[in-house]
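Q: Okay, here's the structure, questions in a sec.
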Amino acid sequence: MRSSLSAREAYGLHHMTAEQLRYLGTQEVAYLKVGRRDDKQVFMVFGADGIPLGGADELENAVEMVVENGLSFVTVH
């Protein structure tokens, strides 16, 4: 894994349109949020564009869903 972007890559990222940014990574990454459904804890999986992809009652099942779909997790803060 590369640790830094080239100047050309960094320039390209800074000059993307809102539409291009919206779809950046949508086929590659997902993020996980803990939520509640019917008063139960649920692990929700979201695509990079924020669209819910699914949910699971167990963390392991949510992780499995992401892996089976060829996605990688990203951290969000």
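The values are calculated or read from the model by the stated rules, or taken from the named source; none is laboratory data. From a predicted model like this one, the values you see are computed outputs, not experimental measurements. Here the Cβ is made from the backbone with ideal geometry for all residues, glycine too, and neighbour counts use every protein chain on show.
Q: List pairs: first in region 30-50 and within 18 Å of Glu68 (Cα to Cα), second basic (Lys, Arg) and surrounded by 11 or more Cβ atoms within 10 Å (Cβ to Cβ), Cβ under 6 Å, 6+ apart or cross-chain?
A: Met44/Lys33
Q: Are any residues in region 45-65 of a type in the set (A, V, I, L, M, F, W, C) and farther than 25 Å from Glu19 by Cβ, and if so, which ones?
A: The first filter runs over region 45-65 and keeps only residues of a type in the set (A, V, I, L, M, F, W, C), leaving 45-46, 48, 51, 53, 56, 59, 62-63, 65.
Hits for region 45-65 are Ala56, Leu59, Ala62, Val63, Met65.
Q: Select from region 25-77 the residues that are polar (S, T, N, Q), in a strand (DSSP E or B) and over 8 Å from the mean Cα position of the chain (by Cα) and list them in ascending order. Let's see the steps before the verdict.
A: Pass one, region 25-77, residues polar (S, T, N, Q): 26-27, 41, 61, 69, 72, 75.
Retained after the next criterion (residues that are in a strand (DSSP E or B)): 41, 72.
Listed by number, the list holds a single entry, Gln41.
Q: In this structure, is Val29 at pLDDT 80 or above and within 15 Å of Val74 (Cα to Cα)? Working first, answer last.
A: Numbers: at pLDDT 80 or above: yes; within 15 Å of Val74 (Cα to Cα): yes.
For Val29, the condition - at pLDDT 80 or above and within 15 Å of Val74 (Cα to Cα) - is met.
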